Structure formats: C-alpha cells, structure tokens
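Worksheet for the structure shown next.
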Amino acid sequence: MAAASSSDSDGRRAESDEANSKWLDAHYDPMANIHTFSACLALADLHGDGEYKLVVGDLGPGGRQPHLKVLKGPTVLTESPLPALPAAAATFLMEQHEPRTPALALASGPCVYVYKNLRPYFKFSLPPLPPNPLEQDLWNQAKEDRIDPLTLKEMLEGIREKAEVPLSVQSLRFLQLELSEMEAFVNQHKSKPIKRQTVITTMTTMKKNLADEDAVSCLVLGTENKELLVLDPEAFTVLAKMSLPSIPVFLEVSGQFEVEFQLTAACRNGNIYILRRDSKRPKYSIELGVQPVGLVRVQKVLVVGSTQDSLHGFTHKGKRLWTVQMPATILTMNLLEQHSRGLQAVMAGLANGEVRIYHDKALLNVIRTPDAVTSLCFGRYGREDNTLIMTTRGGGLIIKILKRTAVFVEGGGEVGPPPAQAMKLNVPRKTRLYVDQTLREREAGTAMHRAFQTDLYLLRLRAARAYVQALESSLSPVSATAREPLKLHAVVQGLGPTFKLTLHLQNTSTARPILGLLVCFLYNEALYALPRAFFKVPLLVPGLSYPLETFVESLNNKGISDIIKVLVLREGQSAPLLSAHINMPVSEGLAAA
Amino acid sequence: MAEEGLTTRTQFPVSAESQKPRLKKAPEFPILEKQNWLIHLYYIRKDYEACKAVIKEQLQETQGLCEYAIYVQALIFRLEGNIQESLELFQTCAILSPQCADNLKQVARSLFLLGKHKAATEVYNEAAKLNQKDWEICHNLGVCYIYLKQFNKAQDQLHNALHLNRHDLTYIMLGKIHLLEGDLDKAIEIYKKAVEFSPENTELLTTLGLLYLQLGIYQKAFEHLGNALTYDPTNYKAILAVGSIMQTHGDFDVALNKYRVVACAVPESPPLWNNIGMCFFGKKKYVAAISCLKRANYLAPFDWKILYNLGLVHLTMQQYASAFRFLSAAINFQPKMGELYMLLAVALTNLEDIENAKRAYTEAVRLDKCNPLVNLNYAVLLYNQGEKRGALAEYKEMEKKVNLLKDNSSLEFDSEMVEMAQKLGAALQVGEALVWTKPVIDPKSKHWTTSTTKPASLQQPLGSNQALGQAMSSAAAYRKLPSERRLPKAP
C-alpha cells in the first residue's frame, strides 16, 4: 500500500513537471473495437508512398472474429477476416528490388501469411514434426489388421509413458475411448498417415546481412515445440533451427543473420534464454522465477517485465543490473525509439491505466489513459515521426503524438526524500480536561493511588467471591469436573407464545462416553408451561453435540418474560454438574393477538 | 511447406482446405496446442476471465486433452484459493504427460500449500529424479524440510539450489534456518553472501542491518540499513531501525523526520509510535510523548516495553499514581527485570508507600546484576529513612558494580549519577570512594539493547523487536531522572 501510494505521487510529480504533457492527443476512439497484443501491431509504409500505416492483427471481441485491419490515420483502410487468431504481425523487406515496399507477415496457427501491397502473396506452413516411429509402426499394423484395438491401446500407453517423442493427436484421442468405440475409431482412422503439427507462438524479424534501416530481413519464428526457426525472406526456406528448453513467448533480436546475431527468448517456464549465431542451444539463461510479461532490448540492456509487477534490467550475458517496482500489474511492454534525439526507452502499459516510460531505472514520463492499455507501439505513423499507438482493454484506440519540442529528462521524481517525509505527524491532541487531570494527579497523587488500590482490592475480592459461588453452585455452562467434562449451550426459537428451547449438550472428553445424566428445568409455573420439566439424557458419545429440544408455552399475556434455569444433574447427586440461565424473550405472538 | 499464389484478399484457401477432409469420413483433429500461446498471454497479463474462456473453448475442442490448458486452469484455481481443485487438475496433467517434471513440481507446490509438507517432499523428490538440475525443486524441498523441522536436510537442499543457480529467495530461507536455530553469526554470513550477490535487494540489506543491530554492531548496521534506504526510501523496517539508532545518539529531530515516512506507510505500528513517543520525550515534549505512547499501548496492549516507557514518562511528569499503574502492568508481563522494580519503587516512594517501595527495591536488587543505579536509588531511600547501615551496604554494592563495569568496558558514567553518588558518599562519610571518569554516556545503553531484544522469529518482523529494543535504550538514558529528584531530600 505504501509503495503504491508513494510511487503514485512520484508519477504525479513526474507528470506535473512536464508542463502539462509532452504529448498531443491525436485521436481517441473508445469504440474502435480493436482487441490485440503488442506483438500484433506493426507500423509500415505498406504502399511505398511515404504514408505509414498501422497493421493490426485483431483478435476480435472475445477472440472470436480475427481480422487483419490496416489503419490510415484514424480510419480503417481495409479489414479482412483471418482463418485463425493471429499470434504476431511483422513487416519486413523481402528483396532489394524497387519499389522497396515492405511485406507484411502474419503468424497464425501453424502458418505465416505473407501479404504484399496488402494482397495475399504467400503462405508458409511449419514443416510437420516427425511422428514417433513406434507409433507409426503400430498404426501401420492396425492398417493391415494385424493388431487388435486393445493391444494397440496398451502399446500406445507404453509409448506415452516413456517415449521422448510425444504421441500424435490421433493416438491420444484413441487412448481416451471406451472399449466399444475403439473398433470404429481404428477403422475410420487407420488409413490416415500420422501427423504431428505445431503452432507458431511468436514471431519477429532479423536483418539478413546489412544493418541499414531498409535492409532485407528474415522472419524469426518461435514454435510450440520449443524451437526457433529463421526463414529466408525470398524463398521461405528454413535457414536455421535452434531448440530451446521451453516454449518461447517473446523474442528479441539484435545483429544480422549472416554476420553475428543474438536472439533472446523469454519462455513459458519463466526463464529467458540467450542464443548466439553458431549455437544450437542457449548460451546464457536468466532464471526469473516468475513469468516474464514483456521483453524489450534497449541498446545493450534487456528489459524484462515480470508478473511480480517489476521491471528488471539484464546485461546481454544475463547478469541482473537493476529492478524497478511498478505500482500495478504490467500488461504489455514495447520499445520507444526517438531517432531525432537518439533516445531509446521502454514503455510499459499497467493495469491501473498508466503507461510508464523508463530509461534504464529512471522514470521519464507517465501517460494516464482512460482504460488499461493492453498493446503499445511507437514509431512513424502517417507522416508523423514519433507517434504512440495504444489499444485498451475495452477495445479502444488511442493515438498520441510526441511534441517536437518535448525532451525527456531523467529522474523526474526519483531523487530526494520520499514525499511522505514532508507530511505532518498525526500526534493525538490532548484536551484541556487531560491537562487538568494531570495537575490534579500531581497534587493528590497519593490519595488517588490509595483509593485506587483499595477499590482494586475490593473488586478482586468480589470477583473471587462470585467465582467461588459460581463454582460451588455449578452455574457455569462448562463443567469443570474431571469425570464429566460437559459443555452446554441453549437456543430459544420462535416468537411466542410457544417457543422452542434447544439445549446443545456436548461431551468434551476425548474418549469416555457419559451415561446417566438428567436435565431439569426450573421456572416460574405461573409464567411458563413445559411438557416435561425433568428428563433423562441419552448416552453422550464424546465430541458430538446433542440437541435436546423442548417446547415452552408462555402463559402470561402481559409481555412479561422470566428466566428459565437449566440444570444438568448426575443421577443420585443433588448438586448440579452445570447450569444455564436462559433469558426468555417476550412473547410477541400474544402481544400481537 | 506449401506454396500457393493467393489471389483473393479476403479468403485464404486454408478455409477451403479445412473443408476438404470433411468430405472424407475421418475428421481432421485440431492441433492440441493451437491456442496455448493465447492462454499464456492472458495468464501472464492476469486477465483470468479471458484466460478461462479460452481454456474452456480449447478443452471442449480437444476433449480435455490439451495439457497446457488444464495446467493454466489449475494455476488459476490455485491463485483463487481452490487449492484442492488445482491439485486434482495438476494430477491430471501429470497423467497426460508423465515425463514432465513441471507438472510434478506443481502437484508438490499445491500439496505444500495445503500444508502436506511430507507428501510434498515425496513428490518433489520424484520430480528431482526427472530433472536433476532444477534449483526450484531443491529450493522448495529445502523449504518443505524447514516446515518439517529437519533443518540439516533443508540446509543441504538449499545449498544445492544455490549451487545450481543463485537466487535471493534461497539465501533468505537459508538465513531463516540459521535464525531459527538461533545462530546469528551464521545467518549474518549467509546474508552477507546474499548481499554480495544482489546488492540492491532491500529485504536482504534490511535483514542484515537488523542482525548487526541485534549484535550491537551499530556501524555496520547503519551502513546496510542506509543502503537499503537508498534503494527504497520508503522501506519502513529500515527506517524504523535507522531512526532508533539516531535516537540512541540523540538525533531526535532527524529520527522524527524519518518516522514520518513510516507513519504514512504503517500508521498502526506499535513500535513506531513507541519510538516517536520516546523522541518527543527526548525533546522534553512530555504531553506529546504520552499521547504517542498511549497510542502505541492501545495498538499493542501487551507489550511491556511500551508500558515501561509510559511509566517512565509519567514518573517524569510527577504523575506517580499513573506511573505506578503502567509499571505494575509492565511487571505483570515481564517479571524478570530489575529496572522495572526499581522504577516501581521510585513511584511508590513518591506515593509515600515506603514499605512497598523497600520491597520493590529488594526485588530489584535481587534481579539486577550490573546496574549500579538500582543500588544507588535504594541507598538513597534507606538513607532518607535513617537506615544508615543498610544504605552503606547498598552503597558498597554499587561500588562493586561500578568497578566491575569499569574493568569490563571503557564505558563512561552519567554525570548526574556520579554527582548523586558522590553526595551520598559524603553524607555516609565513606570518604572518596571512587574515581569517576569523564561522564558522558549512560553505561547501560549498550547492555540494554542486547539483553532486551528477543531473538527474531520467523513470524514477527525483525524490525519491530529490534527497533523497540533501541527505543528502550533511549528510554534507559532517562532512568536517572527519578534518582535525581530524591536529591534535595538528602541532607
């Protein structure tokens, strides 16, 4: 709570210091109906006319109507439905020829759809995975009817238990079937070849051999079967394949494919792996311990957002540099690159409706948005160089333009004592009366002390007497004797004139049952009538609470109530084991009648 | 790989292709992992509602075969507190892919959260067989062993975890084991290493600082706590401890400044209000001191240190009846401390109950081992009552203690106490008894801290105990006041 409140005020300060804002509000449409992730946003000059468009791989409301949307300014230029949900969108230059219009790649399911000039151009499918040879063999046998379904099932179970290569969907489905359905399933499916297909989880681009802004780039794909693939931009062949210990979620690339590159993959097991050219396996790994929610490279520093609401900075060798705590859950992250001033910073969209911009540890700017921002993208849009595009949880679209005069200054609200230090201590005030009493005590302290002590002793004496009396007459609701540890409590139900009186009697000993108890009610017979004022209690098993019910009839109609005493007795003893006084309620039934 | 020249913009042949198999009799199976990435993205973004919707859809489509969907569903269940349900789902996952250590780890984690530490260790051991090099398994095994009170095994596992990969959390748990075993030095060793490994972790820095404070190594304590505050200026544990050190050195205004930050963060912390109260006491703002201490007492009515301070302030305010109440309450909670009886005796003396005052002094002298103040005050009382012989005996006893203290340490004595003792010595005609050295600091402040701080336990934040002990030391500095007041009565 404290951290949140103090950083809140940090943020406020950072914001007010800016002379209102560094941003121009270009466009806000809360009903834009765009539901997407930062990975599915891309900015590119798709038509080669110098007018940059925004490409959105839109999941649609509830992730049900995936669309490819291209926006120009605030309006949607084209919109086309997609066969499956888009996992990532990227724009890249495919070849050197003029005109140098970038192609658009959209990863979805097992395929990458490539568009040129916004027209479908090519579809790349991930190569199918090799099936388990044993499994293949089994199904071949099934095809030739050399194996019965039950044996097939047993054998497949065996493979599932041990094998390195997992089973195909077909076999897994088969293993779930009941005995009666197996035969039909085998007949239906035995002639089909066994297929194992994987899907693309993430995608990014990497320059092929030149570091220029408009150089040809390769696509880098992360797949569900823990692999990274680099695709040739022209032929769409797999140039390189690297395997990871877990499934990649976010990718970050630096360098060129044919020279030297570094691939960073944040994975689902909470680790981040760093790969180099010429290494088929990760060279360094960062164990985050929690899930990463974003991965951004700022020059040489890897900035990782974690589910513990913090940003961490790591070197390219995986050494932790710093940690910054955020006031709320991080929803998305992206890079802010202002070419004109050579600034690179990290933007993080938070669940509390803030977008925070950090350069290393230093907070540069806080943007407040009407809804939590779920995807972010910064770059050239239209003809404006520094545009920030945000989409919100509710499907809104916000476009802001960075003022040309705006300069981000480091450490807006980070230095100096925390603001709470300036706040006054809330010391409780003392009244005039208190001061008077103090003075009186100084004058007559001894007398006060003596009177107090006397009264205290008297109080203790009376308390002790009352206690002894209660013990002697067993007035307490819990019996203190070692032989019959009992607990009693009573409940009165009803409005009257008839009440239901329920006694809950519990034997609190650990093992011994209690036998031969009696319950007796003492009451004013002019006021109440009970069907049985005296009855035997059944054997009490230890631990159970026995409800003993009886009806009480109120005879008086003047609204008078009285106490009913309940005594629990042992057979043959006159002193009660315990007793309870029940304050009967006034009979409302009679009063009303 | 399929290459097709696509012409239509709106429709991909994929959709046509997906209709093709339907013409045959065997339907195509959907890819099980089709939407895992989406589930994961919703999950890490903590958008659990959307996540559950996708999971439900995915499970329906794959007839419950999608392991990752079940896995995340179980994780969400666990976050929502339905640990039993999550455990069952994780077990389902473990059946779907028995080779995966991660599923076993989660099963064990759920068992751990259910408090079944023994069962959890078994599952973790099982998982360790599948994945030998996982620090998380080792770490969690270690934590389970801590709860099973098998500290040796726990240490082994935690060291293994550190060996595989170093994490702050592992260091913290190792440190906790040493603290549980009461081995402060080893705990400090561990925390030192941890701070070396991650120098910006404020929790580590604070804990190390507090441990030093507990051992009375103020310089290092201050250094580490200061570091913690540089990285996180609102870390209230560190502020409280730093403030108490400042208080010991008499920097009451600076300490109060620091406490303001804490008062904002944890307005209901009893040690905080105790320390603030004693700051005001140091600045001689007694009414404010009483207000703050009473608030502390209201927040922690069973804390004897607060009651002690309240008694002390009331004595200063000459409210002896109130002082008596607070001190006797403190004695009820802490019956083993000589100084408390001494203060009680001072209060009783002022309430003209000499008989009981003497009894309290006797008790104080019996319990106290090294505070000369107790004997001095007793001697003054006896002298005022005309019992010169008794006074002389107590005076001798005091000399013994003073000599002992002088031999053992280079500590110097409080000027007022020295003056008082010299006057009494003259009155008793003992001659020049002692050679008192430059009076500066109360001899007890150091001894006080170490003796009154309880060993840190797992549940209680270290800061409060420690800081309280510190405040006590500043309180201790004022204990001479009552003795001083008896002075005019001495002939």
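The values are calculated or read from the model by the stated rules, or taken from the named source; none is laboratory data. Everything numeric here is computed off the predicted structure, so don't read it as measured data. Don't worry about glycine lacking a Cβ; one is built from the backbone with ideal geometry, like all the others, and counts go over all protein chains shown. Protein only, heavy atoms only, side chains kept; ligands, DNA and RNA dropped before computing areas. Shrake-Rupley method; radii C 1.70, N 1.55, O 1.52, S 1.80 Å.
Scanning region A:261-281 for residues being more than 14 Å from every other protein chain (Cβ to nearest Cβ) and either open to solvent by less than 20 Å² (accessible area, probe 1.4 Å) or modelled with pLDDT of 90 or more (or both) gives a total of 6. When region B:84-137 is limited to residues that are basic (Lys, Arg) and part of a helix (DSSP H, G or I), the one that is nearest to the other protein chains (Cβ to nearest Cβ) turns out to be B:105.
Does any residue of region A:371-378 turn out to be of a type in the set (A, V, I, L, M, F, W, C) and touching a helix residue (DSSP H, G or I) at 6+ places or on another chain (Cβ under 9 Å)? Let's see the steps before the verdict.
First, the residues of region A:371-378 that are of a type in the set (A, V, I, L, M, F, W, C): A:372-373, A:376-378.
With touching a helix residue (DSSP H, G or I) at 6+ places or on another chain (Cβ under 9 Å) added as a condition, the list becomes A:376-377.
Yes: one or more hits.
Selection within region B:298-338: residues that are charged (D, E, K, R) and in contact with a helix residue (DSSP H, G or I) (Cβ under 7 Å, 6 or more places away or on another chain). The member of this set that is surrounded by the most Cβ atoms within 10 Å (Cβ to Cβ) is B:305. List the residue pairs whose Cβ atoms are under 7 Å apart, where the first residue sits in region A:188-213 and is under 11 Å from residue A:257 (Cβ atoms) and within 11 Å of another protein chain (Cβ to nearest Cβ), the second is in a helix (DSSP H, G or I) and open to solvent by less than 60 Å² (accessible area, probe 1.4 Å), and the two are 6 or more positions apart or on different chains. From residues that are under 11 Å from residue A:257 (Cβ atoms) and within 11 Å of another protein chain (Cβ to nearest Cβ), there are no pairs. Residue A:174 falls short on exactly one of the conditions (1) at the interface with chain B (Cβ under 8 Å from one of its Cβ atoms); (2) not in a loop (DSSP other than H, G, I, E, B), and that condition is (1). Residue count for region A:306-342 under the criterion of being in a strand (DSSP E or B), open to solvent by 60 Å² or more (accessible area, probe 1.4 Å) and hydroxyl-bearing (Ser, Thr, Tyr): the result is 0.
Here is a check on your reading of the model: is residue A:364 of a type outside the set (Val, Ile, Thr), at pLDDT 85 or above and in contact with a helix residue (DSSP H, G or I) (Cβ under 9 Å, 6 or more places away or on another chain)? Yes: the conditions hold for residue A:364.
Can you go through B:396, B:388 and tell me which one is without any contact (Cβ under 8 Å) to a residue 24 or more places away in the chain and open to solvent by 10 Å² or more (accessible area, probe 1.4 Å)? Step through it out loud before you land on a result.
Numbers: B:388 fails: without any contact (Cβ under 8 Å) to a residue 24 or more places away in the chain.
Among B:396, B:388, only B:396 is without any contact (Cβ under 8 Å) to a residue 24 or more places away in the chain and open to solvent by 10 Å² or more (accessible area, probe 1.4 Å).
Collect the residues in region A:435-449 that are within 8 Å of chain B (Cβ to nearest Cβ) and not acidic (Asp, Glu), keeping them in residue-number order. Correct list: A:435, A:438, A:442, A:445, A:446, A:448, A:449. How many of the residues making up region B:43-69 are more than 9 Å from every other protein chain (Cβ to nearest Cβ), part of a helix (DSSP H, G or I) and crowded, with 21+ Cβ neighbours inside 10 Å? Count: 5.
All of (1) touching a Leu at 6+ places or on another chain (Cβ under 8 Å); (2) open to solvent by 10 Å² or more (accessible area, probe 1.4 Å) hold for residue B:241 with one exception: (2). Answer yes if at least one residue in region A:86-108 is in a strand (DSSP E or B), of a type in the set (Val, Ile, Thr), within 13 Å of another protein chain (Cβ to nearest Cβ) and within 17 Å of residue A:37 (Cβ to Cβ), and no otherwise. Among the residues of region A:86-108, not one is in a strand (DSSP E or B), of a type in the set (Val, Ile, Thr), within 13 Å of another protein chain (Cβ to nearest Cβ) and within 17 Å of residue A:37 (Cβ to Cβ), which makes the answer no.
Hey, can you tell me all the residues within region B:265-296 that are within 8 Å of another protein chain (Cβ to nearest Cβ) and either touching a residue at least 40 places away in the same chain (Cβ under 8 Å) or open to solvent by 50 Å² or more (accessible area, probe 1.4 Å) (or both)? If the condition is that a residue be within 8 Å of another protein chain (Cβ to nearest Cβ) and either touching a residue at least 40 places away in the same chain (Cβ under 8 Å) or open to solvent by 50 Å² or more (accessible area, probe 1.4 Å) (or both), then B:267, B:287, B:294, B:295 are the ones that fit. Among the numbered conditions (1) in a strand (DSSP E or B); (2) crowded, with 18+ Cβ neighbours inside 10 Å, the only one that residue A:79 does not meet is (2). Scoring residue A:184 on the criteria (1) aliphatic (A, V, I, L, M); (2) part of a loop (DSSP other than H, G, I, E, B); (3) surrounded by fewer than 21 Cβ atoms within 10 Å (Cβ to Cβ) leaves a single failure, condition (2). Against the list (1) over 33 Å from the mean Cα position of the chain (by Cα); (2) modelled with pLDDT of 90 or more; (3) of a type in the set (Val, Ile, Thr), the condition residue A:399 fails is (1). Summed over region A:210-229, the residues that are in a loop (DSSP other than H, G, I, E, B) and either out of contact with any Phe, Trp or Tyr (no Cβ under 8 Å at 6 or more places or on another chain) or among the basic types (Lys, Arg) (or both) give a count of 8. Restricting attention to region A:402-427, the residues being outside any loop (DSSP other than H, G, I, E, B) and modelled with pLDDT under 80 number 4. Scanning region B:204-233 for residues that are open to solvent by less than 30 Å² (accessible area, probe 1.4 Å) and hydroxyl-bearing (Ser, Thr, Tyr) gives B:206, B:207, B:212. Counted as qualifying within region A:466-567 are the strands (runs of 3 or more DSSP E) with 3 or more residues that are under 17 Å from residue A:583 (Cβ atoms) and touching a residue at least 24 places away in the same chain (Cβ under 8 Å), namely A:486-493, A:498-507, A:545-554. Among residues of region A:109-119 being farther than 30 Å from residue B:29 by Cβ and part of a strand (DSSP E or B), the one that is farthest from the other protein chains (Cβ to nearest Cβ) is A:116. Figure legend. Inter-residue proximity from region B:29-51: first residues among the hydroxyl-bearing types (Ser, Thr, Tyr), second residues in a helix (DSSP H, G or I), beta-carbon distance below 6 Å, spacing 6+ or different chains. Indicated pairs: B:42/B:50; B:42/B:51; B:43/B:51; B:43/B:72; B:48/B:76. Reported count of residues in region B:158-170, each being outside any loop (DSSP other than H, G, I, E, B) and open to solvent by 10 Å² or more (accessible area, probe 1.4 Å), is 7.
The single condition among (1) part of a strand (DSSP E or B); (2) over 27 Å from residue B:168 (Cβ atoms) that residue A:273 does not meet is (2). Has region A:151-166 got at least one residue that is touching a strand residue (DSSP E or B) at 6+ places or on another chain (Cβ under 9 Å), closer than 20 Å to residue B:29 by Cα and within 13 Å of chain B (Cβ to nearest Cβ)? Yes: one or more hits.
Name every residue in region A:436-454 that is farther than 17 Å from residue B:293 by Cβ and either open to solvent by 40 Å² or more (accessible area, probe 1.4 Å) or of a type in the set (Phe, Trp, Tyr) (or both), in order of residue number. Outline the logic, then answer.
Start the filter on region A:436-454 by keeping residues that are farther than 17 Å from residue B:293 by Cβ, which leaves A:436, A:439-440, A:442-454.
The answer is A:436, A:439, A:440, A:442, A:443, A:447, A:448, A:450, A:451, A:452, A:454.
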